[in-house]
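Asker: Structure in structure tokens, see below.
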Amino acid sequence: MTGAPRATFLLLLACCLLILPGAAGAQAPGGTKITVGQPLEPPILDPTAGAANAIKEVAFQTVFEGLVKLGPSGEVEPLLAKAWTISPDGLTYAFQLRRGVRFHDGRPFTAADVKFTFDRDRAATSANAQKIRFQLIDRIETLDPYTVRIRLKRRFGGFLSMLGWGDAAILSPATAASDATRPVGTGPFRFEAWRRGEAVFLGRNPDYWGRPARVGEVVFRFIADPTAAYSALDAGDVDVFANFPAPETLARLARDPRFRVAVAPTEGKTILALNNRAGPLANVRVRRALSLAVDRSAVIRGAMFGYGQPIGSHYPPQDPGYVDLTGVYPHDPARARSLLAQAGYPHGFSATLKLPPPSYARRSGEIIAAEFAEVGVTTRIQDLEWAQWLDQVFARDDFQMTIVAHTESMDYDIYARPNYYFGYKSPRYRALNQALDETTDAGRRNKILGDMQRLLAADAVNVFLFDFPALGVWNARLKNIWAPTPVSLLDLTDATVVGAAGGAGAEGEGEAGAPAWLWPILILPLAAIGAWGAWRAGPGRVAARLAAMAATLVAASVVVFVLLQIAPGDPASFMMGMNADPKSIAALRHAFGLDAPAWRRYLGWVLGMLRGDFGQSYTYRVPVAGLIVERLAVSLPLTLYALVLSTTTALVLGLVAAAGPHGLIDKVFTVVTSLGVAIPNFWFGLVLVLLFSGGLRWFSAGGFPGWSAGPGAALRALTLPAIALALPQAAILARVLRAELLPRMNEDFIRTARAKGLSMRAALVRHALPNALIPVLTILGLQFSFLLAGAIIVENVFFLPGLGRLVIQAIAQRDLITVEDVVMLLVLATLAAAALVDLVHFGVDPRLRGRR
């Protein structure tokens, strides 16, 4: 007994000596680092090849630039193009380019780069989200190295504004093929590294053509969980959140002198979308009645904690040409009931409201359903995952009502598409949209935009709720950081840190993954135990286990593939966004091989696993094997760390409780282990963060610095999540061990040992413990599999880039091949753990060896 506590103490002491130095987090010297928090990680870093707004938030106007940029009020300002002219017919645009601009690889920027970029954006195989608009270009001519002329097929009044979006960023032909993973642009920051699931690192571009950035490094850290986002800000791990995901904590942060808080409008038009095709919702009086039944202020208070601005049409308040139409449908339940009666529904009707996962949609849905009930409309809420929503609502129009925020800029043209999921068919609106495209005069465009907004409101196409707010929170030391634009981007060029270094950020700017020395440390002990067990079990037993594992893996691969193929949601549609051109979606499907027969896709996937690269990730556009290795470099050490902590703790607790059964210590043991089993590990993790990060500031609130920062920094980042994972497992294991030890203490061999003069503690440790280890080993094998596969929630609480977080991201993004590969890896890990325990049983139990 005395050896176990001593071993535990030495182990914990070694961990403390390794972990505690620098526990407060490394500060960037000279205040040259800014750490930016973001709810979503970009799937790629090429803003011209994906629809996700997170791509632009990280890479546009930092790494990449466009010919023009959009100012705070939406005005078009020069950038890579210093001037331009438009022909009288509005079809020809001539751009004068800046001289002396260079890409980050040293190559000069010329008109040939503009031609290459826009030809690539409008090509048949393009994955650009605005491909349909780029295909309005008839031809592109390079008149000289610094003059480019673009001729349109027809007038498009919004062409200049579109060139300020991230979809029009200028790329270099020499690096375009690799820009998705290693971007090279002309911007004020250079790409340094990307630890997928954790952070993107950008460094200042000293050769920038304009005014160089004032900070030396920008780190984008990806924290989706609202509680984790608040903890990261509170602990100082993040300096600024431009889209803070926890509005419920914003008032608390505003009262804290360490922070500054601001709220600004965005392009996110949040609407209650209605299917105009059939049923009661095809009647304009019914749609108007629903608009009158909704109290927008109540929705904003309940769903967004008071943050957001009401809208009366599909148009954000900050864009040019905005008309305030919120008074067209004031909250008036009596008038709503009257309109329903006029429409032939005096007693109301029933409808289904299908809601996607975001909290704003589900909170708004509950409030609106209650408001509809007041006017006689019975609403049945149906919660969907994004894949289901895209399949049922967006792709197949199988819905009556839904709530979603449309975040694309200048997307009023979706109402001119009769086949769009609203089902709105208005020749007058299509004529207005056509007139807008043919108009370049700003005043005339604003008048047409006003007419379009009024028509959408009069027809009550949808119930327009609120403009989704940009919730900005930043450290008070930061200056010149908050200037949201119509493209919802932070301008980091002028940002400065006053008085002190930036937030701790993520240490170790090296590439993701683990150093070569880590894998032998993790794998060799398990391999040695397995080899010893295999030697004791014999070749026949080992061959039987391997054959069973192989058969199980084959069966599992078929089941996993079939289940994911029949699951709803198209990966290409999800990645291209709601406004994507169907031709772009088809091109992306072909590029991924999703249009091939199912049997061919299955064989390709299996061959990819046998080949070792595991196929290409749909989301990240890199081999899945690399992603898995990166994430295993976090998840496997975390699992083993938690397993060591839980086993050591359980050993001490179980021995102490068994040494004094039914005494005070045993009763305390029962209470403590009952709490350990009952407390959810994610809740315990939150408590650890509040205590040791927000309060004592001994540890970072989360994130992983990478093994390049050193084993001490890496283990320090894994300590709190390992403790959170280990607590319930230690409680279970300790109870099992105590239950096995108590009967052993009454066995004859224990009485014999006691009669020979051994103390109770010595008999317990030397004789009872080895005989009680068989069931404990079985539990340990199960716990290893559970910790590796079941740490998903804890990884999200501590925003660790582990395997669990990878599979959650892949499911949400419909990255089917990544999901398939990770699931198969977890199946293999579970089978291997079971086989290892089986072999170890042969090593420690002579009765099994006698029957082999």
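Just so it is clear, none of the values below were taken in a lab; they were calculated from the coordinates. Not measured: the values here are computed from a predicted model. Ideal geometry is used to build each Cβ from the backbone, glycine not excepted, and the neighbour counts take in all protein chains shown.
Asker: Give me the angle, in degrees from 0 to 90, between the Cα long axis of helix 624-659 and the longest principal axis of the Cα atoms of the chain, rounded to the nearest 10.
Answerer: 40
Asker: Another one. Give me the extension gain from V629 to W519: residue separation times 0.36 nm, minus the current Cα-Cα distance, reported in nm with one decimal.
Answerer: 38.6 nm
Asker: 222 nm [θ] for the chain, helices only, -39500 (n - 2.57) per DSSP H run of 4+, per residue, to 500?
Answerer: Mean residue ellipticity, 222 nm, calculated: -14500 deg cm²/dmol.
Asker: Where Rh denotes the Kirkwood radius from the mean inverse Cα pair distance, what is Rg over Rh for region 64-182? Mind showing how you got there, number by number?
Answerer: Numbers: Rg = 13.6 Å, Rh = 14.5 Å.
Taking Rg over the Kirkwood Rh, I get 0.93.
Asker: Additional query: Nearest-5 percent of antiparallel DSSP beta bridges in the chain?
Answerer: In the chain, DSSP labels about 75 percent of beta bridges as antiparallel.
Asker: Helix 582-592 versus the longest principal axis of the chain: what angle, 0 to 90°, nearest 10, using Cα atoms?
Answerer: 30
Asker: May I ask you to derive the FRET efficiency for I774 and D494 from their Cβ-Cβ distance with R0 = 56 Å, giving the value to the nearest 0.05?
Answerer: Once the sixth-power term is evaluated, E becomes 0.25.
Asker: What ranking of S178, S231, S426, S126 emerges when the number of other C-beta atoms within 10 Å of each C-beta is taken as an exposure proxy, fewest first?
Answerer: If I rank by nearby Cβ atoms, fewest first, I get S178, S426, S126, S231.
Asker: Roughly what angle does helix 769-789 make with the longest principal axis of the chain, taking Cα atoms, 0 to 90 degrees, to the nearest 10?
Answerer: Between the helix axis and the principal axis of the chain, the angle is about 10 degrees.
Asker: Further question: Compute the FRET efficiency between A334 and L691 as 1/(1 + (r/R0)^6), taking r as their Cβ-Cβ distance and R0 = 51 Å, and round to the nearest 0.05. Could you put the intermediate results ahead of the total?
Answerer: Working: r = 53 Å, r/R0 = 1.04.
With R0 = 51 Å, the Cβ-Cβ based efficiency is 0.45.
Asker: Rg to Rh for region 265-469: what is it, with Cα atoms only and Rh by Kirkwood?
Answerer: 0.95
Asker: Next question, about the same structure. Which of M549, M304 has the fewest other C-beta atoms within 10 Å, and how do the rest follow up to the most?
Answerer: The fewest-first ordering by Cβ neighbours comes to M549, M304.
Asker: If you average 1/r across every pair of different Cα atoms in region 135-294 and take the reciprocal, what Kirkwood value do you get, in Å?
Answerer: 21.3
Asker: Suppose a student asked you for the relative contact order of region 631-851, using Cα pairs under 8 Å spaced at least 6 residues apart; what percent would you report?
Answerer: 28 percent.
Asker: Still on this structure: Under 22 Å between alpha carbons, and skipping anything fewer than 8 positions from K82 in its own chain: which lysines qualify?
Answerer: Within the straight-line limit of under 22 Å, K82 reaches these lysines: K69, K115.
Asker: Taking each pair of different alpha-carbon atoms in region 41-87 once, compute 1/r for the pair, average those values, and report the inverse of that mean as the Kirkwood hydrodynamic radius in Å to one decimal.
Answerer: Working: mean 1/r = 0.0837 Å⁻¹.
Radius from the Kirkwood sum: 12.0 Å.
Asker: Let me ask something else about it. Using the Kirkwood radius built from alpha carbon pairs, what does the Stokes-Einstein equation give as D for the chain at 4 °C and 1.567 mPa s, in µm² per second?
Answerer: Translational diffusion coefficient: 43 µm²/s.
Asker: Order by neighbour count: S87, S338, fewest other Cβ atoms within 10 Å first, most last.
Answerer: S87, S338
Asker: Now a separate question. Which distance in nm do the two modelled labels at E77 and D89 give, with both placed 7 Å along the Cα-to-Cβ direction?
Answerer: Between E77 and D89, the label points sit 3.4 nm apart.
Asker: From zero up to wherever the largest Cα-Cα distance of region 117-219 sits, split into 10 Å bins and tell me the percent of pairs in each.
Answerer: Binned Cα distances yield the sequence 12, 36, 33, 17, 2.
Asker: Right, another one. Report the antiparallel proportion of the DSSP beta bridges in region 265-469 as a percent, rounded to a multiple of 5.
Answerer: 60
Asker: Now a separate question. Net charge near V328, counting Lys/Arg +1 and Asp/Glu -1 over other residues with Cβ under 10 Å of its Cβ?
Answerer: Numbers: positive: R288, R454; negative: D324.
Every neighbour counted, the sum reads +1.
Asker: Now a separate question. Using the Kirkwood radius over Cα pairs, work out the Stokes-Einstein diffusion coefficient for region 631-851 at 37 °C and 0.692 mPa s, in µm²/s as a whole number.
Answerer: Using the Kirkwood radius from Cα pairs, D works out to 171 µm²/s.
Asker: Oh, and also: Using a simple spin-label model with points 7 Å from Cα along the Cα→Cβ vector, what separation in nm is obtained for W535 and R611?
Answerer: Result for the modelled spin labels: 3.9 nm.
Asker: Here is a follow-up. What does the net charge come to around A387 if you take all other residues with beta carbon closer than 10 Å to its beta carbon, with K and R at +1 and D and E at -1? Mind showing how you got there, number by number?
Answerer: Numbers: positive: R814; negative: E385, D391, D570.
Counting the neighbours of A387, the net charge comes to -2.
Asker: Next question, about the same structure. With a 10 Å radius around each residue's Cβ, average the other Cβ atoms per peptide and rank 518-524, 94-100, highest first.
Answerer: Taking the mean over residues of other Cβ atoms within 10 Å, the ranking is 94-100, 518-524.
Asker: Full extension from V559 to R301: what is 0.36 nm times the residue separation minus their Cα-Cα distance, to one decimal in nm?
Answerer: Net length gain for the segment: 88.3 nm.
Asker: Between R151 and L603, what length comes free when the chain is fully extended (0.36 nm per residue of separation minus the Cα-Cα distance, one decimal in nm)?
Answerer: Additional length available on full extension: 158.1 nm.
Asker: Now for a separate question. DSSP loop chymotrypsin sites (Phe, Trp or Tyr not before Pro) in region 642-711 with at most 14 other Cβ atoms within 10 Å of their Cβ, which ones?
Answerer: none
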